[in-house]
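The values are calculated or read from the model by the stated rules, or taken from the named source; none is laboratory data. The structure displayed is predicted, hence computed values, not measured ones. Cβ coordinates were reconstructed from backbone atoms using ideal geometry, including for glycine residues, and neighbour counts include every protein chain displayed.
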Amino acid sequence: MRNTFVVIVSILILTAVNAQSPLMTDEFSHIPNAEYAIVTYDSAIKATVLSYHYHDLWDIDNDGIKDVISFVGNGAAHTYYQFQVRLSSSDTWYIYPTFQLDMPYYQGNKNIKELKESHPQFLVSDFDHDQVDEIYLNLENPFGSIPEELTAKGVLSKRILIEFENEKLIIRDFNG
Ligand SMILES: [Ca+2]
Ligand SMILES: [Ca+2]
């Protein structure tokens, strides 16, 4: 009985590892930020899905432990990626279905002039110089949008900052 259990657990672990294996297909061998890319198979849409999982770079909630910023692909030919973030302080995924980008690549710091242009779409930096990083997203594309509840709170542009403040994530217009 115990052996059966071990075999089942081993199969489950192998399945999990295969599902999360980085870049095993030629199709994804030359993509940007490949070290953070994850390829999974989504049986619901019968497609290979590419996602980005930035897990060791930033501490958004300032608790001394790195948080995870993910962009989960939709598996389409022109892939759009949904933004989500897991904060270590709450161990919770915060998922934003309308925050979609087609180029969720981290390209290092950019100055304000570069940010005024259409790229990058994603950046993490300490914009307000309080020693804690904020997340910048540029959602100016056909699939990215601001949900009505945020528009009602005054988020009027598609270039936004996401920051941890008073124990929660705050979203506001980027005024660079
Ligand atoms: Ca953290
Ligand atoms: Ca800051």
Q) Residue check: is Thr79 farther than 21 Å from Val155 by Cβ, away from ligand 2 (no atom under 16 Å from the Cβ), surrounded by 14 or more Cβ atoms within 10 Å (Cβ to Cβ) and at pLDDT 90 or above? A) yes
Q) Which of the following residues is of a type in the set (S, T, N, Q) and surrounded by fewer than 20 Cβ atoms within 10 Å (Cβ to Cβ): Ser70, Ser43? A) Ser43
Q) Going by the structure shown, is Asp91 modelled with pLDDT under 95, of a type outside the set (Gly, Ala, Ser) and within 16 Å of ligand 1 (Cβ to nearest atom)? A) yes
(Q) Can you tell me which of (1) of a type outside the set (D, E, K, R); (2) within 16 Å of ligand 2 (Cβ to nearest atom); (3) crowded, with 20+ Cβ neighbours inside 10 Å is the one Gln100 doesn't meet? (A) (2)
Q. Somewhere in segment 160-172, is a residue away from ligand 2 (no atom under 16 Å from the Cβ), under 20 Å from Phe71 (Cα atoms) and free of Cβ contacts under 8 Å to residues at least 24 places away in the same chain?
A. no
Q.
What's the total number of residues in segment 85-107 that are over 22 Å from Phe143 (Cβ atoms) and within 10 Å of the chain's Cα centre (by Cα)?
A. 1
Q. If Gln121 passes every condition in (1) without any contact (Cβ under 8 Å) to a residue 24 or more places away in the chain; (2) within 18 Å of Ser51 (Cα to Cα); (3) within 16 Å of ligand 1 (Cβ to nearest atom) but one, which one does it miss?
A. (3)
Q.
Suppose we filter Ser88, Ser51 for residues that are more than 16 Å from ligand 2 (Cβ to nearest atom) and buried (at least 21 other Cβ atoms within 10 Å of the Cβ); which single one remains?
A. Ser51
Q. Would a scan of segment 67-74 turn up a residue that is part of a loop (DSSP other than H, G, I, E, B) and closer than 21 Å to Val39 by Cα?
A. yes
